[in-house]
Each structure stands twice: as structure tokens, then as C-alpha cells.
Amino acid sequence: MIEVRDLVKHYGDVRAVDGVSFVCPNGQVTGLLGPNGAGKTTTLRMICGLIRPMRGTVVVDGHDVKKDPSSVRRSLGVQTDSAGVYPRLTPREHLRYYGGFYGLSGNELERRIDEIIEILGMDEFADRRAQGFSRGQRQKVILGRALVHNPNNIIMDEPTSGLDVMAVRETRSMIRTLSDKGHCVLFTTHYMDEAARLCDKIAIIIRGRIAAFGSPQQLMEETGRNSLEDAFVQLAGGEEGLLVSGHSGNDGSNDHPAAASGQDQPERESVGADAGMGRR
Ligand SMILES: Nc1ncnc2c1ncn2[C@@H]1O[C@H](COP(=O)(O)OP(=O)(O)OP(=O)(O)O)[C@@H](O)[C@H]1O
Ligand SMILES: [Mg+2]
């Protein structure tokens, strides 16, 4: 279970995350939805301990990420975009490395690696160096290493973006399977049909704040719309609201001098060996 309470992170005038609270229970898929720049990735980074919130707490399976990062690390699997795959290592070697990092070894580790390779359909390229891998293949490596230690909580940032139809289907069915097995899954997506089908609960984040939280059905009922996409657009301030989704503390402008001037490296507090979230 992941509990997020009153998280705040500002970058200069940009209120990237501005008092976000929600709970993701075990056995459920929670979707974090919002326009570009709404604060989704920043929220996930704070949950993983990759950046320090200015305020607020994150508790994972009862462990505070600030006070007990190593317990959080063990119970959290993080998959983000497909950067951070080592070109010289094969997928199997990646899994071995990350499994070792989480304290697995010997037969137990090898069994788990075989299992992951099978679940993710990586047989054909499991022993090929990652150099030149397609986006979907890299995505699977990242997902595999997020799952190798069988974490209770799984966090994914746009896991299906850029994948082919088969990989999208596999990823979606895996998300469902994980939650059916009792895991807590939190993920972001820009695909409303995907969110409607997969999510038990959806948190809609707009300009760093939670604009709505509930099941897809509840969000549609609340807004009086009959599709999640229409409900989302309404909650985001209508069609025009989506176009000005960038935000700052004062004038709503989407210019972030801090990002342009190289202050965009996340402060790593290292919950994972390389949780892969330093993408900007
Ligand atoms: N390191 C940083 N330095 C400056 N600004 C940042 C930094 N990281 C994020 N921001 C800003 O914070 C806001 C939220 O960014 P974030 O990446 O969390 O959005 P997002 O919801 O994940 O968007 P997307 O859907 O495009 O991935 C944006 O305005 C972004 O420019
Ligand atoms: Mg993002």
C-alpha cells in the first residue's frame, strides 16, 4: 500500500506538486492521470525517494520513505521510461544485477530470472546484449528489473507509451494480473481507454493538485459525462484548460528557466540502484 500525504515540490515559481494526497491500496490498480506537466512524474519520483519533497510524507507498506528508505526499496518496484538500459548487458545480466542488488542470489535468483523472462516474453532476446534494442525490448528489461525482487508495490510511468499492440496488451494484462495477485499498482497514462479499463481508482492531477479521485465510474458520474475522456477534459478545465496545463506559481506560464539552465537533475536519494527516473 502506498500512502501519499500532502506532497509538495516547487521548482522556483513552478508548483510542480502542490499538496498531493492519495492512497493506493493493495490489490488495486491506481491511475495517476493529468495533462503534460501536471506533476505526475514528480509525484512518482518523490514516492520512490528520488527527489525529496519540500513537504509531506510517503508511506509504503507502513514504512516512511524518508525515515526508512531501505525497507521502502525492498517493497517497491519502479518502471519508468526505457532510458537507463546498459547496452553491454543482456536482459538476463540486467536481472541478475538488480536481483543481486536486492539481496537475491544462487538458484533462487536464477529461478526468478527465468520466471520474469517467461512472463514478459523475453526469451528471444534474453541473452542478447541490449545495444540496439527496440523501445519495447528496453521497456521489458526495465519492467523486468522492477519486478525481479517481487515487490509488493509497483510504480510505472507511462508503461505502455510507444509499445506495439502486442506489448501493450501484455503490459496491460500484467498490470491486471499483479493487482489480482494482491500487489499495489500505481501507474500513469495518457490513454483514457486504458485507464478506464485497468484502474480501480483514478487520481486526476491538474497543475500539481488532485482535482478528482475515484473509480472511473465515479468520475463520470460526478461530471455527468459518459466517457472517462470527457470527464477528464471537464476536470482539466475544458478543452482550453488542457492547452494551458503548464503552470507556475504566478502567471500560468509554461516556461521553466530552472529546467533550461541545467537544474533539472533530480537529487538522488537512491531508493533503487538506478530507478531510472532521472529522465529530464
Ligand atoms: N527538475 C525540474 N526542474 C524544473 N522544473 C521541473 C523539474 N521537474 C519537473 N519540473 C516541472 O514541474 C512540472 C511537472 O512536471 P512533471 O514531469 O511532473 O509532469 P508530468 O505530469 O509527468 O508531465 P508529462 O505528462 O508531460 O510526463 C512541469 O511544469 C515541469 O516542467
Ligand atoms: Mg511525466
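The label point for T177 and the one for M54, both projected 7 Å from the Cα toward the Cβ, are 4.3 nm apart.
Between S227 and D123, the FRET efficiency estimated from the beta carbon spacing at R0 = 25 angstrom works out to 0.05.
Spin-label pair K67-R135: with each label point 7 Å from Cα along the Cα-Cβ axis, the two points sit 4.2 nm from one another. The Cα center of the range 178-192 and the Cα center of the range 110-161 differ in position by 16 Å. Counting only DSSP beta bridges with both residues in the range 2-260, tell me the antiparallel percent, nearest 5. Of all bridge pairs located within the range 2-260, approximately 55 percent are antiparallel. By other beta-carbon atoms within 10 Å, ranking T171, T177, T43 with the fewest at the front produces T177, T171, T43.
Would you list which lysines come within 28 Å of K140, measuring only between C-alpha atoms, while excluding same-chain residues fewer than 8 positions from it? Output for K140: K40, K181, K201. Charged neighbours of A211, selected by a Cβ distance under 13 Å, balance to +1 (K, R count +1; D, E count -1). For K66, the lysines whose Cα comes closer than 17 Å to its Cα, not counting residues fewer than 8 places off in the same chain, are K9.
Coordinate-derived values only; no laboratory data. Given the structure is predicted, the values throughout are model-derived calculations rather than measurements. No Cβ is skipped: glycine too gets one built from the backbone with ideal geometry, and neighbour counts run over all protein chains shown.
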